[in-house]
1. Label region 18-335 by shape, choosing from rounded, prolate and oblate, from the square roots a ≥ b ≥ c of the eigenvalues of the Cα gyration tensor; if a/c is under 1.5 it is rounded, and otherwise prolate applies when a/b is larger than b/c, oblate when it is not.
2. Provide, as a two-decimal number, the C-alpha radius of gyration of region 1-79 over 2.2 N^0.38 Å, N being how many residues it has.
3. For residue 55, what charge total do you get from the other residues with a beta carbon under 12 Å from its beta carbon, if Lys and Arg give +1 and Asp and Glu give -1?
4. Taking the Cα centroid of region 300-346 and of region 228-269, what is the distance between the two, rounded to the nearest whole Å?
5. Would you be so kind as to identify which of 233, 117, 50 lies farthest towards the positive end of the dipole of region 18-335, taking Lys and Arg as +1 and Asp and Glu as -1 on Cβ and the Cα centre as origin?
6. What distance in nm lies between label points placed 7 Å from Cα along the C-beta direction at residue 239 and residue 450?
7. Hey, with R₀ at 25 Å, roughly what FRET efficiency would residue 74 and residue 181 work out to, going by the Cβ-Cβ distance, to 0.05?
8. Under 10 Å from the Cβ of residue 365, count the other residues' Cβ atoms, weight Lys and Arg +1, Asp and Glu -1, and hand me the total.
Amino acid sequence: NAMLAWQRTAFHFQPQKNWMNDPNGPLYYKGWYHLFYQWNPDGAVWGNITWGHAVSRDLVHWLHLPPAMVPDHWYDINGVWSGSATQLPDGRIVMLYTGSTEDAVQVQLLAEPADPSDPLLRRWAKSESNPVLVPPPGIGLTDFRDPTTAWLNPTDRAWRITIGSKNQEHAGLALVYRTEDFLHYDLLPALLHVVQGTGMWECVDFYPVSADLAADVGLDTSTAPGPGVKHVLKASLDDDRHDYYGIGTYDAGTDRWTPDDAAIDVGIGLRYDYGKFYASKSFYDPVGRRRVLWGWIGESDSERADVLKGWASLQSIPRTVLLDTKTGSNLLQWPVVEVENLRMRGKLFDGLDMPPGSVVPLDVGRATQLDVEAVFQVQAGAPAAGSAAAGAEAPYNCSASAGSAGRGLLGPFGLLVLADDGLSEQTAVYFYLVRGADGKLSTHFCQDAFRSSKANDLVKAVYGSSVPVLDGEDLSVRILVDHSIVESFAQGGRTCITSRVYPTKAIYDSARVFLFNNATNLNVTAKSIKIWELNSAYIRPYPYSD
Ligand code: DQQ
């Protein structure tokens, strides 16, 4: 079936077949980036979880390797679940991960490369001491998983890891353990953090970011807290399947983290991505001196369709993560720079007028693998005297809105991607401005998949959130289009949205791109629209069977 085949992506990481979920233990070793991932060797639905493994020189082109770890001990026979890598100062790698035991109890396990001289790290040795951690008193036997990368605490020069859980009152929390040898661990009396009402925290991530205005580099996980360093705490909320983060301060003396702004604490405030994006994990890349984030992008089609396709899920484009030092209150995520090496023919459109009610086709040729950078300038028309426009508008919420078809005074406007000529299929990536009671504009960034496909066995939703826009800034968005995924980054990556879409008509040579402005009272100029066709990445099978 050509339509199903078309949905496979060309530059997002996917296994050759079957089900994938969380990224695991990303690391850089002897010239290679390693990505492990939750994988079902036997089918396109979750189960039989093993660690798939692939390596890359540049985070874009990949070589598949045989699975790194499979469920073969009593302590992980129900699944080799998520975990993280730590590189010790002497170069050793320790991998900590969760096993689901023969009794479905969650325990923490240690593995190390069986042959550290192999840059591909093909063989892993599970520790004789496994399990190295079992659920402590007061923690549910199935609420104890996904150990983080360890960091060195500067006060006692011992390692710390954190593990997500929940308490009996349904508060999400992060336990902290101290270890010197990764075999023996002490549970510390204080929690790294706890947030009421957020439920089970999966795949916690904890890392420093530079708050130095001039520095655009990532920080190694063991960078000591101090002036110029903030710490990010991320939890994947099992309750609502989204990744939430907070920015705050880590106190190495007490091993507690405090959010800068309790109103946007972990689980109740900012999300990495307002679309499909879950169970993410970051790592420090010493070569690029950057922190790189991977996230699991699930499907929005039916399980039946996944079985027909023979695969389910992607990994996000690896994203560089920095603190946004201009706002100080959010992260910036951006596709790693290597993605730009896939750019082929580029087209530039500038100064295009987008009057209210317009749809403007952009002639870019094949439009199924794209990298788009768009910059818009807006000019609000004078509200008619006495009209509703003269006053404040109702607050806007992407997910509760009518999407790109709902007309407001100052939005929506943006791009339609994976659209066919007749616009019977289209995925809208758009801004929506609202003037508040104080006369100030707030900006929303949304992605609308309501009309993304004629197929009806899909979840079609509008995703999005507000996006900070500072005085004097234009509105800008970067969009990666890759067959069945649209991954977007507004205002340099302050707000990100990922949608899975499954066009039936806007495929192969029929996929187009348009600009649109559905606002009734806003003149928009597309100041600059750059669109590159992106080459396919090489994602190659392993040449030898195991
Ligand atoms: N996926 C893993 C768990 C983790 C969950 C199991 C998050 O370790 O908590 O496949 O998607």
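1. Rounded, since a/c falls under 1.5.
2. 1.18
3. It works out to a net charge of +2.
4. The distance from the Cα centre of region 300-346 to that of region 228-269 comes to 22 Å.
5. Positive-end residue among those listed: 117.
6. 2.9
7. Efficiency at R0 = 25 Å is approximately 0.60.
8. Here the count lands on +1.
Every number in this text was worked out from the coordinates using simple rules, so none of it is lab data. Please read all numbers here as calculations on a predicted model, not as lab measurements. In this analysis, Cβ positions are derived from the backbone assuming ideal geometry, glycine residues included, and neighbour counts consider all displayed protein chains.
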